[in-house]
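The values are calculated or read from the model by the stated rules, or taken from the named source; none is laboratory data. Source: prediction; values computed, not measured. With ideal geometry, Cβ positions are generated from the backbone for all residues, glycine too; neighbour counts draw on all protein chains shown. All accessible areas refer to the heavy atoms of the entire protein, side chains included, with ligands and DNA or RNA removed. Shrake-Rupley method; radii C 1.70, N 1.55, O 1.52, S 1.80 Å.
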Amino acid sequence: MSSPKPTQESMKVTSPQSADEAARSPRIDRFLRLMIDRGASDFFFCVGQPPMMRLDGAVDPIRYRTLHQADFDLYFGEVTPADRWAQFQKTGDADFAYQIDNLARFRINLFRQARGDAAAVRIIPSRHLTFEQLGLPSASERLARVRHGLVLVTGPTGCGKSTTLSTVVNRLNRDSVRHIITIEDPVEFVHQNIRSFINQREIARSATSFASALKGALREDPDVIMVGELRDQETIQTALVAAETGMLVLGTLHTNSASKTVDRIVNLFSHEDRDNIRSQLGGALRGILAQQLVRRKEGGRVAAFELLFGSPALSNLIREGKTSQIDDLIQLGQRDGMVTMDHSLLALVREGTVTPEAAYEKAVDKAAFRHTMAVEFDVQVGLDEDEDLDSLMEESALADPTISQG
């Protein structure tokens with residue numbers, strides 16, 4: 001497996017600028033070019049500290065002076081679209097996409113922090129990557145053959161969810177004739193019509209919210225709807241209705257396993273509504289691909305995945321609220337290509353790609369993972385926070401019998 005972090009090839013790095021070109025380009029371009037030259041995935045420009053870059057998952061400062069508010073206004077004021085700059089001045093938060101021609105496209109988030117204004121910049125590959133280039137499990141290509149229902153890509157911030165979704169959309173675009181609508185904040189990967197007809201909508205530009213854009217999409221005769229983020233009850237409810245009525249809905253959530261994804265969706269709703277949501281989700285869900293990035297032994301990061309496909313058995317578990325049994329279902333489906341996150345992490349340890357400690361940090365069932373490390377590799381990895389606390393309480397109780405364990 002390889003990391004979904006963009007490569008220099010995928011970003012089409014060209015020869016260095018001439019002095020005249022550099023003088024004409026926006027000031028922030030110099031930092032963004034340096035970001036690409038160093039192979040960074042993210043760039044941070046925050047008032048009150050020097051600029052920083054994320055390299056192989058770690059944040060490193062650039063040898064540069066401390067930034068002032070005037071620097072922020074100068075560097076980002078000239079590249080932020082007027083409507084987004086006005087939004088930022090009013091709300092303290094704004095997102096937009098920025099492109100350096102023949103180099104790369106970037107997603108930029110402007111926000112306010114204690115010392116002043118700040119920006120976080122992420123590279124968007126200029127070409128669509130394949131399943132193989134992303135290191136996705138071969139069985140995950142089944143997700144691009146789903147005709148209707150709900151398919152989710154999940155994981156923490158910065159793990160490549162948007163890149164994976166763009167790969168699925170690109171495969172649909174190449175392999176089928178469909179009407180595809182994407183709803184994003186902002187539009188990151190630009191899709192050209194190949195065999196399918198694609199409309200890309202951007203929040204604050206062509207729609208007021210994910211929920212309103214999704215409701216509008218139901219009247220626009222789509223075959224596929226890609227929702228950049230399922231972030232609230234209304235958006236999730238509308239997505240489930242669309243999936244139930246014969247459309248394919250693709251979306252993302254910030255969870256690191258299939259069972260936690262189901263729990264996150266259900267728990268967003270009141271107790272009175274949960275039975276209905278379980279029924280809808282059980283009937284609509286066709287697959288979940290969870291992904292995380294893990295530090296490699298030799299530097300860089302590699303992706304670990306959990307893959308779950310929909311089935312009548314999964315529908316029953318969701319409807320009955322037995323999400324704790326989803327991991328067992330995945331293990332039973334290994335012949336079909338399904339895999340749990342912890343088994344994916346174990347495979348990376350066995351291959352020698354990552355250390356047991358790095359894998360343990362990302363493990364879902366840490367107690368079971370720690371046991372496997374001890375038995376199979378004779379390696380002791382740390383306790384998680386809850387277990388540390390329990391151990392301390394037990395030790396304290398032995399030292400002082402008056403401490404209650406209740």
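Of Ala82, Ala94, Ala104, Ala40, which residue is of a type in the set (A, V, I, L, M, F, W, C), closer than 17 Å to Thr163 by Cα and at pLDDT 90 or above? Working first, answer last.
On the way: Ala82 fails: closer than 17 Å to Thr163 by Cα; Ala94 fails: closer than 17 Å to Thr163 by Cα; Ala104 fails: at pLDDT 90 or above.
One residue alone meets the criteria, Ala40.
Where the second residue is part of a loop (DSSP other than H, G, I, E, B) and basic (Lys, Arg) and the first is without any contact (Cβ under 8 Å) to a residue 60 or more places away in the chain and lies in segment 40-58, which pairs have Cβ atoms under 9 Å and are six or more apart or on separate chains? Going by the 9 Å Cβ cut-off, the qualifying pairs are Pro50/Arg63; Pro50/Arg65; Met53/Arg38; Leu55/Arg38. Of the numbered criteria (1) at pLDDT below 95; (2) closer than 30 Å to Arg54 by Cα; (3) out of contact with any Cys (no Cβ under 9 Å at 6 or more places or on another chain), the one Asn256 fails is (3). Among the residues of segment 89-141, write down those that are more than 19 Å from Leu34 (Cβ to Cβ) and of a type in the set (Lys, Arg). Matches in segment 89-141: Lys90, Arg112, Arg115, Arg127. Of everything in segment 276-314 that's in contact with a Phe, Trp or Tyr (Cβ under 6 Å, 6 or more places away or on another chain) and assigned to a strand (DSSP E or B), which residue is nearest to Thr255 (Cα to Cα)? Checking each candidate, the answer is Gln291. Ile108 meets the conditions (1) touching a residue at least 60 places away in the same chain (Cβ under 8 Å); (2) crowded, with 16+ Cβ neighbours inside 10 Å; (3) under 30 Å from Lys260 (Cα atoms) in every case but one. The failed one is (1).
Here is a yes/no grid of residues against (1) in contact with a helix residue (DSSP H, G or I) (Cβ under 7 Å, 6 or more places away or on another chain); (2) open to solvent by less than 70 Å² (accessible area, probe 1.4 Å); (3) assigned to a helix (DSSP H, G or I); (4) in contact (Cβ under 8 Å) with a residue 12 or more places away in the chain:
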site: Leu346; (1), (2), (3), (4): yes, yes, yes, yes
site: Val349; (1), (2), (3), (4): yes, yes, yes, yes
site: Thr353; (1), (2), (3), (4): no, yes, no, yes
site: Glu357; (1), (2), (3), (4): no, no, yes, yes
site: Tyr360; (1), (2), (3), (4): yes, yes, yes, yes
site: Val364; (1), (2), (3), (4): yes, yes, no, yes
site: Phe369; (1), (2), (3), (4): yes, yes, yes, yes
site: Ala374; (1), (2), (3), (4): no, yes, yes, no
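Pairs meeting the criteria (first residue in segment 281-310 and over 23 Å from Asp56 (Cβ atoms), second residue surrounded by fewer than 24 Cβ atoms within 10 Å (Cβ to Cβ) and among the acidic types (Asp, Glu), beta carbons under 6 Å, at least 6 apart or on different chains) are Ala284/Glu244. Taking Arg174, is it within 23 Å of Ala303 (Cβ to Cβ), surrounded by fewer than 23 Cβ atoms within 10 Å (Cβ to Cβ) and not hydroxyl-bearing (Ser, Thr, Tyr)? When the stated conditions are applied, Arg174 passes them.
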